[in-house]
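Every number here is computed from the coordinates shown, using simple stated rules; none is lab data. No experiment lies behind these values; they were computed from the predicted model shown. Every residue, glycine among them, receives a Cβ derived from its backbone with ideal geometry; neighbour counts consider all protein chains shown.
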Amino acid sequence: MPDANASLRMSAAYADMFRSHYPKVVRWLSVLGVSQAAVDDVAQEVFIIAHRKYDQLRPDASAAGWLMGIARNVAATHKRGDRRARAREQHAATPAAAPNPEANAMRNQAARLLQDFLDTLPEEQRLVFAMYELDGASGSEIAETLGLSRHTVHSRIRLTREKLARRLARQQARNTTDDR
């Protein structure tokens, strides 16, 4: 079975690369601005991508250079995500001193409506929509994470937004009819 032997050799070569380059990748990520608290998780992400794309590493290419390219991209993506998270935290409204029961009820109803809507979507649309609208991920990040083209990601976002708009319009029409 030549395929099994080749696969074993590739796995062994990848394991050797991991052992010899992991400390370097951690240092690179620190230098690239990844926080010490996140550096191990980000390094793991680098090696997950490297494992997935290991068969694309040319035999004559430098593994260190190849890993550096992956580390730079993953670090940049991670830092963008951190910046967006900090921005969202800074823009978050300060909670009211006393909870407003009516506002809580409306928020709970909106959350239920959104969850009911998400439950009707196919998984691939649900993931893209949640990552984009709820997590704040960029189209490029979603495409990379899910292995899709950016065009596909943006198409799914558009289609899901259209479905949501139609659903909200129907809900609003029902509420208007109920109020009469």
If I fit a long axis through the Cα atoms of helix 2-31 and take the longest principal axis of the Cα atoms of the chain, what angle between them do I get, 0 to 90°, rounded to 10? 70 degrees
Computed over the stretch 110-155, the distribution of all Cα-Cα distances in 5 Å bins, rounded to whole %, is 5, 24, 31, 20, 12, 7, 0
Quick one: helix 39-52 against the long Cα principal axis of the chain, what's the angle to the nearest 10°, folded into 0 to 90? 70 degrees
Equivalent ellipsoid dimensions for the stretch 2-91 as semi-axes, Å, which come from the Cα gyration tensor, largest first: 30, 13, 11
Between the helical axis of 101-120 and the dominant principal axis of the chain, each derived from Cα atoms, what acute angle in degrees is found, rounded to the nearest 10? 60 degrees
Using alpha carbons only, how many angstrom separate the centre of the stretch 39-85 from the centre of the stretch 106-180? 30 Å
In debye to the nearest 20, the charge dipole size for the stretch 43-178, taken about the Cα centre with +1 at each Lys and Arg Cβ and -1 at each Asp and Glu Cβ, equals 360 debye
Here the Cα Rg-to-2.2 N^0.38 Å ratio for the stretch 29-76 is 1.15
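For the stretch 8-53, what mean projected area does the convex hull of the alpha carbons give, in nm²?
The directionally averaged projection comes out at 3.1 nm².
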For a quick check of your reading of the filter: which trypsin sites (Lys or Arg not before Pro) in the stretch 1-86 sit in a DSSP loop and have no more than 14 other Cβ atoms within 10 Å? K53
Over the chain, calculate the relative contact order: mean separation of alpha carbon pairs under 8 Å at least 6 apart, over the residue count, as a percent. 14 percent
In what sequence, highest mean first, do 100-108, 164-172 appear when ranked by Cβ atoms within 10 angstrom? 164-172, 100-108
Alpha carbons only, please: Rg and Dmax for the stretch 10-157, in angstrom. 20.0, 66
What order, most packed first, do the peptides 58-70, 130-142 have when packing is the mean number of other Cβ atoms within 10 Å of each residue? 130-142, 58-70
If you look at just the Cα atoms of the stretch 101-179, how large are its Rg and its Dmax in Å? 14.7, 46
